[in-house]
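See structure below.
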Amino acid sequence: MRSIAIINQKGGVGKTTTAVNMAAALAEAGQRVCVMDLDPQSHASLHLGVTLGENDLSIYDVLTGDASLADVRRKVSERLSIVPAHLNLAAAEMELAGEVGREVILRDKLARDLQDEAGSAFDFLIVDCPPSLGVLTLNALTSVDEVFLPLQPHFLALHGLSKLLRTIEIVASRLNPTLRLTGVVLCMFESATRLASEVSSDVEDFFKRPAHANSVWSKAQMFTTRIRRNIRLAEAPSFGQSILEYAPQSHGAEDYRQLAREMLGVSATNSGKTTATASGMGVGSA
Ligand code: ADP
Ligand code: MG
């Protein structure tokens, strides 16, 4: 199973939109996918049509109580499931403050609960994180192998990146040696603007800088798929549907399908060339 946390401590960069729609596109491509909502705002849950009542179990009960992930997980469609969140998750941060080993609660539960008799029940686990580097995000970082970073091509896109990379590095060295930043996704891309292309080349340059071979981002792939700004992507959450259901022909749906193909290493063009590379960065224009 590939396990990926979608992280950026800034809000509004496209984390949830990417977590949900990438997951839906992977499921459409035949993969078994579990989304985990680790944000108290519960946007990923709402986006996939799951609204919890006061008494419904959620990821909060997994982190602070005895609930297993299987107790909480819900099926959204044939190959797509979600471990939903509720606003009460905001209290978890405080409640866990005095707990020994609070950063690895999720990891321990995952090791037990996402398996079935045949091994892993999913091909992908995709964790949507809150816009902070607190205990919830740390639980994601200790539980997954990969981090994807969504960036908005904005002049401050790279601002705060060193703090994020340092956090990943510390978690990798102390708690999760397999953790790597493996993907950078440009979201809300406006191809017509000079700013977008300038920022994308800055981002490319940043990740192309010779990195220490063991650095947590030395294998980062900047996806050639850019997620264009598309109003349908902003509308879909209020219908409780992924973009693939809400507007299957839209640019948003096209882009997330393309991203899923790139992640799976499937030919992205009709030329039969594979654009996703197993190592290093597939850098190109979109
Ligand atoms: P985050 O989870 O990082 O806070 P979101 O995914 O919630 O960010 O995106 C922030 C807002 O921008 C949401 O209202 C979302 O619907 C919208 N949005 C995200 N990606 C796009 C896009 N490619 N085109 C248009 N709107 C988008
Ligand atoms: Mg979000």
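The values are calculated or read from the model by the stated rules, or taken from the named source; none is laboratory data. None of these values were measured; they are calculated from a predicted model. Every residue, glycine as well, gets a Cβ built from its backbone with ideal geometry; the counts of neighbours run over all protein chains shown. Surface areas here come from the heavy atoms of the whole protein model, side chains and all, with no ligands, DNA or RNA. Shrake-Rupley method; radii C 1.70, N 1.55, O 1.52, S 1.80 Å.
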| For the chain, what does -39500 (n - 2.57) per DSSP helix run (n ≥ 4), summed and divided by total residues, give at 222 nm, in deg cm²/dmol to the nearest 500? | -10000 deg cm²/dmol
| Rounded to whole Å and sorted largest first, what semi-axes of the equivalent ellipsoid does the C-alpha gyration tensor of region 86-182 yield via the square root of 5 times each eigenvalue? | 24, 18, 14
| request: Give the share of C-alpha pairs in each 5 angstrom bin for region 164-215, from 0 to the last occupied bin, in whole percents, shortest bins first. | output: 4, 16, 22, 19, 15, 12, 8, 4, 1
| said: Per residue, how much accessible surface does the chain expose to a 1.4 Å probe? Answer in Å², no decimals. | reply: 45 Å²
| task | Could you pull out every one of the lysines with an alpha carbon less than 23 Å from that of Lys163, ignoring same-chain neighbours closer than 8 positions? | result | Lys10, Lys15, Lys208, Lys219
| task | Summarise the accessible area of the chain (1.4 Å probe, protein heavy atoms) by the percent that is carbon and sulfur. | result | 50 percent
| task | For region 197-252, state the average projected area of the convex hull of the C-alpha atoms over all orientations, rounded to one decimal in nm². | result | 5.4 nm²
| note | Straight-line reach check, Lys109, cutoff 16 Å on alpha carbons, 8 or more apart in-chain or any other chain, hits among aspartates and glutamates -> Asp37, Asp61, Asp66, Asp71, Glu99, Asp145
| query | What is the sum of charges around Gln31, taking Lys and Arg as +1, Asp and Glu as -1, for the other residues whose C-beta is under 14 Å from the C-beta of Gln31? | reply | +1
| said: Using only alpha-carbon positions, what ratio does the radius of gyration of the chain give when scaled by 2.2 N^0.38 Å? | reply: 0.95
| task | Report Rg (one decimal) and Dmax (nearest whole number) for region 40-82, counting Cα atoms only, units Å. | result | 10.5, 29
| DSSP bridge pairs, the chain: antiparallel proportion in percent, nearest 5 | 15 percent
| Over region 26-104, with a single point scatterer placed on each C-alpha, what log10 of the ratio I(q)/I(0) does the Debye formula yield at q = 0.14, 0.16 1/Å? | -0.46, -0.59
| query | Taking region 76-185, which chymotrypsin sites (Phe, Trp or Tyr not before Pro) meet the DSSP loop condition and have no more than 13 other C-beta atoms within 10 Å? | reply | Phe155
| Selection from Ser238, Cys187, Thr16, by position along the positive dipole direction of the chain (Cβ) | Cys187
